[in-house]
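Report on one structure; see the data block that follows.
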Amino acid sequence: MTDHRRIRVLWPDHLALARGKYLPTHLAHRGTRHSMSVFALLYDRDMIPAPGTRMLEGFPDMECTIDTSAIRDGWEEGVGVVVGDLVSDGAPVSFAPRNALREAVAAWEALGYTPKIGIEFEAFVLQRDDEGGWEPYDCPGSYVYGTGPMSDPMGIAEAIHDVADAVGFRLESVNGEFDSAQFEFTLEYDDAMAAADEAFLFRAMARDVAYEMGHLLTFLPRPLLDRGGSGMHINLSLVDADGNNALLDPAAADGLSDLAHRCIAGQLHHLSAMGALCAPTVNSYKRLRPGQISGYWANWGHDHRCATVRVNPERDGSTRLENRMPDASAPIHTVVAAVLTAARLGLEHRLDCPGPETGDAIEEACTDRFVADGLGGALAALAGDDVFADAIGRGLVDQFTAIKEAELGKYLEAVGDEASARDEFTDWEKAFYLPYL
Ligand code: GLU
Ligand code: MG
């Protein structure tokens, strides 16, 4: 690590934004302060008095504390970066995504397991059009699993990869995704908090690097309706006290433990409610459609990309449960907390796991249960799932729901209803989301 001339302190908010401040290095140990009522904000800077955000009490401060030993080299020359924690009156801010994840991890640790998480991002690169807007990055010779200049003529993904290597992000792979101008960035797995922090910083870095090159890297789930969507797949495994992968059972016909089956069952049982936290924009439901290999059905399968929970074929330390429903318009720490919580509920409530998907699951699946058909439905599902909401934390659910209901209300005012604008990327989404996501 080099000497830093300043420290960029970042923390994840409820809108999947990286907020924070620059601090001089010699003052970084003191942390910083922000108005707690940031959690009352929508993307357009409107505020609503969401529960707990104290907007009607004078927008008071919360503290952002940092662990100076966690400062790492940032991607701006000579600037360190660190993820902060939010505290108010000596207690963790309940709706701060990082605090929710800490609780979700602690609940697994109390059961004797360490959750491990691997995160895969997909994103589109956009370039300036003649009107000062954004159009898809021009890469006519690209194809799925493409590499090199035919996939990435201006070297945007390559530059992101180079910076990631230079500052120590642990990327497992980078490649062209299915559609032209779409890329996949896969990070190595780690302890849940470390993986979420790394992904959170990677996402901020990748957008900064692309933007400095005059391009917009968007993690919006479905910004181009003539192309597929972009997911943020969350791979979960659990390590027991002896350091072994607890998803394995060599004696079982499918090689998976009872714990693995319960974790799958929990994620499928709570799928619709999870959607409100893991696919939390109106745009998310333009991606979560049948035939999009994107985690639509309440199903799971062995190496099956049309299953929401996909189990990889290897039976070793890498055996994991990949939840393909989330997208990166959601706060990453909240998404990981939701996956850990739903999986844990499957274990604690001894939920029965249905059989694996046996069909193609493209337009039809072995189940007729699927995610909500829009953000409104997902919020209703979350409101109706007390078990899940209590387990992930009422503080977070109540604040997040209030914000997202207001966001949805604005969208409905603009377009009428969610169903009618399902097949278009509306001007409203372009203005409300695209600059930020
Ligand atoms: N793009 C798909 C999604 O929206 C996933 C494609 C893949 O299997 O990587 O989740
Ligand atoms: Mg992919």
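The values are calculated or read from the model by the stated rules, or taken from the named source; none is laboratory data. What you see is a predicted model; the values in this text were computed from it and never measured. With ideal geometry, Cβ positions are generated from the backbone for all residues, glycine too; neighbour counts draw on all protein chains shown.
As a summary of the residue check, ALA123 satisfies the conditions (1) part of a strand (DSSP E or B); (2) in contact with a Pro (Cβ under 9 Å, 6 or more places away or on another chain); (3) closer than 21 Å to MET213 by Cα except for the one numbered (2).
Under the condition of being in a helix (DSSP H, G or I), within 23 Å of the chain's Cα centre (by Cα) and free of Cβ contacts under 8 Å to residues at least 24 places away in the same chain, the residues counted in region 410-429 number 1.
For the structure I just gave you, tell me whether LEU187 is within 14 Å of ILE117 (Cα to Cα), surrounded by fewer than 17 Cβ atoms within 10 Å (Cβ to Cβ) and within 16 Å of ligand 2 (Cβ to nearest atom). Judged against the criteria, LEU187 is not a match. Does region 269-320 hold any residues that are of a type in the set (Gly, Ala, Ser) and either in contact with a strand residue (DSSP E or B) (Cβ under 8 Å, 6 or more places away or on another chain) or at pLDDT 95 or above (or both), and which are they? Matches in region 269-320: SER272, ALA273, GLY275, ALA276, ALA279, SER284, GLY295, ALA298, GLY301, ALA307, GLY317, SER318. Residues in region 110-127 that are closer than 28 Å to LEU347 by Cα, within 12 Å of ligand 2 (Cβ to nearest atom) and either of a type in the set (D, E, K, R) or touching a Gly at 6+ places or on another chain (Cβ under 7 Å) (or both): 1 in all. For region 134-180, the tally of residues that are more than 16 Å from ligand 1 (Cβ to nearest atom) and either farther than 23 Å from SER284 by Cβ or in contact (Cβ under 8 Å) with a residue 40 or more places away in the chain (or both) stands at 27. Selection of region 271-299 for residues being away from ligand 1 (no atom under 15 Å from the Cβ) and more than 14 Å from the chain's Cα centre (by Cα) yields SER272, ALA273, VAL282, ALA298. Sub-7 Å Cβ pairs linking a first residue in region 271-292 that is part of a loop (DSSP other than H, G, I, E, B) to a second residue that is buried (at least 24 other Cβ atoms within 10 Å of the Cβ) and of a type in the set (Val, Ile, Thr), at least 6 apart or interchain, are LEU288/VAL371, ordered by first then second residue.
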